[in-house]
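First the structure, in the form of structure tokens, and then the observations on it.
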Amino acid sequence: MALKAEQSERLGKLLAERAEKIAKRWAEIAAAPLKGRLTVAESGRQTAELQAQLQKALADGAADLRSAQTTELRAVLTELSRGRARQGFTASETATSIFALKAALYDVVDVEKGGESALRDYVAWSLFIDELGLFTFEAFARAREHIITEQTEQLLELSTPVVKLWDGVVAVPLVGTLDSARAQVVMERLLQALVDTGSPYAIIDITGVPAVDTQVAQHVLKTVMAARLMGAECIISGIRPQIAQTIVTLGIEFGDIATKATLADALRHAIRRGAAAARAANREA
Amino acid sequence: MERVPILKIGSVLLVSIQVDMQDQMALQLQEDLGQRIVDTGAKGVIIDITGLDIVDSFVGRTLSTIASISRVLDAETIVVGMRPAVAITLVELGLSLDGIRTSLNVERGLELLARNAEPETVDDLDFLDEPETTSP
Amino acid sequence: MTGAEGEAQVQAIGSDEDVVRVRQLVRTVAVAAKLSLVDQTKVVTAASELARNTLVYGGGGQAAVSTVDNGQRRGVRVVFSDSGPGIADLDLALTDGYTSGGGLGLGLSGARRLCDEFELDTAVGAGTTIAVVKWAR
């Protein structure tokens, strides 16, 4: 709900006139539920910055959080939420810092003495502060999501090492559940490794993969096809009996893709193929 | 219109595509290459597509056609240097580039050509030099 | 839902060179939308197929390229439109390997596989509009 022009003006005036008292109370109330994880001084710096931006937005005639005058205020709120998300605070703890302004305001305006008009103002301001709080909540959720995505990506990087096993042979030992996203990352990294090392043979070892579904099998097949298009050969090793059964039951066609029981067998196969090719090339050269 | 240069190295023609080709340019390459194979008697063609950031169905089809034409003219075509992102996209697109041989890079491509060259050593041709002793 | 949309950049498609320009424009926008290299390649390839279709079958038209944002992810949206003859049998046109113009028949079906969203609007005699979206992962 938007503030009426005079309500916005009166709040701005109040914030300016009683700035010190409000700042002090806001900082205290905001810091209380954080249980010492953020000092009163630190929390105070944040609320002071918010107060300054809020005052500025109101002075410019902001009626709600969607208006253009609140761009900077929103930026400060987002920054606060992001910081708190990274420091491990909860969404409620973060939003409470904003809602604390209500209590601080209540302390400086004597609602009971001011009568009906003061009450009406206070309710309108409260709703406006709710809006700020909700915005913080959303920004917090977005920041958390971002952190989670980042961590997932880091995990993906860590869990898919592509190693050079031999001259002209690279391998990717897959461990753990393969979902579609991870399979895609594996595919891209393996193909890039082929280019970087100039290796014509790639081994995909799935000894550590507990289960294979149609989608994962499709990704592996696509990797093999892409590698072929680039002029490299893929060998799949470490297919456990249960997985072989799944593959057959699902009707997935592995066609003429080389499969070996163990990584060692696959490496032997690749080296042998490579040596034969080199001999043939040398004979002709 | 710009043309893709064709270099001759020994008995191999090397084509390195460096620009985002218009369709017409691809067709021109197809034509030029056929002519150069005949003119030079080349036995192998290497098309380096390291510089291509996409291969769509038109370029893919042109590469296939070039490979077929070369084969008829007794030269083998190897496409080298396909980028991983391009290969992944081609698989998704459903283009398998049938009939095209590929290699990771130019060096490997030359090896592949050497390996597949028909044995044509001097020993094999000795009989041509032998005097005809059987004739009366 | 495609969500918020940035301003579209329009490229006319009237010649071979324009197909190249569409590719370059889509690439630029895809980079700006922070698509991964593979996703950039996919959407540029799809755009190339569709731009050629617009030129060859639609008798020319235009491509409008814009960034989109659904609140969680950014992406690229490309809308191809022509006022050509339209597509009479849509199912057939979307079948792998079907072609009416001597191509490989992978243009439409392939482009659909390469993108996350694919909307096709056509009527015989009233032209064809195809909108595709590729989201950043």
So how tilted is helix B:106-116 from the main axis of chain B? Cα-based, degrees 0 to 90, rounded to 10.
-> 40
In degrees from 0 to 90, rounded to the nearest 10, what is the angle of the helix A:40-59 Cα long axis to the longest principal axis of chain A?
-> 70
Charged-residue dipole, Cβ positions (Lys, Arg, Asp, Glu), the stretch A:5-154 about Cα centre, Debye nearest 20 = 360
For the table A:21/A:102; A:13/A:35; B:43/C:42; A:222/C:134, the rows whose alpha-carbon distance is greater than 24 Å are A:13/A:35; B:43/C:42
Mean residue ellipticity at 222 nm from the helices of chain A, using -39,500 (n - 2.57) per DSSP H segment of n ≥ 4 over the full residue count, to the nearest 500 deg cm²/dmol?
-> -23500 deg cm²/dmol
Counting only residues 5 or more apart in sequence or on a different chain, those whose built amide H sits under 5 Å from that of residue C:36 are C:137
Rounded to the nearest 5, what is the percent of antiparallel bridges among the DSSP beta bridges in chain A?
-> 20
Dipole in debye (nearest 20) - the protein assembly as shown, about Cα centre, beta carbon charges: Lys, Arg +1; Asp, Glu -1 | 2200
The size of the Cβ-based charge dipole (Lys, Arg +1; Asp, Glu -1) of chain A about the Cα centre, to the nearest 20 debye, is 720
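Using the number of other C-beta atoms within 10 angstrom as an exposure proxy, rank A:175, C:26, A:109 with the fewest first.
Numbers: A:175 14, C:26 28, A:109 18.
In increasing order of surrounding Cβ atoms, one gets A:175, A:109, C:26.
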Dipole of the stretch A:5-154 (Lys/Arg Cβ +1, Asp/Glu Cβ -1, origin at the Cα centre): which of A:132, A:11, A:154 lies farthest to the positive side?
-> A:154
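Considering Cα pairs under 8 angstrom that are at least six residues apart, work out the relative contact order of the stretch A:103-207 and quote it in whole percent.
Rounded, it is 21 percent for the stretch A:103-207.
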May I ask you to derive the relative contact order of the stretch A:1-153, considering only C-alpha pairs under 8 Å and at least 6 residues apart, and to give it as an integer percent?
-> 30
Whole-angstrom gap from the stretch A:238-266 to the stretch C:75-137, using each part's C-alpha centre = 37
Name the trypsin sites (Lys or Arg not before Pro) in the stretch C:1-53 that are in a loop by DSSP and that have at most 16 other C-beta atoms within 10 Å, would you?
-> C:34
Mind giving me the FRET efficiency for residue A:123 and residue B:50? R0 is 56 Å, r the Cβ-Cβ distance, nearest 0.05 is fine.
-> 0.25
Two-site label geometry, residue B:32 and residue A:244: point separation in nm, points 7 Å out along Cα→Cβ | 5.3
How far, in degrees from 0 to 90, does helix B:84-93 lean away from the longest principal axis of the Cα atoms of chain B, to the nearest 10?
-> 80
Can you tell which of A:90, C:84, A:70 lies farthest toward the positive end of the dipole of the protein assembly as shown, using +1 and -1 charges on the Cβ of basic and acidic side chains (Lys, Arg; Asp, Glu)?
-> A:90
Residues meeting the amide H criterion for residue A:201 (H placed from the backbone, H to H distance under 5 Å, 5 or more places apart or on another chain) are A:170, A:233
When Cβ neighbours within 10 Å are restricted to other protein chains, what is their mean count per residue of peptide B:76-82?
-> 2
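We did not get these values from a lab; they are worked out from the coordinates using the rules stated. Everything numeric here is computed off the predicted structure, so don't read it as measured data. Ideal geometry is used to build each Cβ from the backbone, glycine not excepted, and the neighbour counts take in all protein chains shown.
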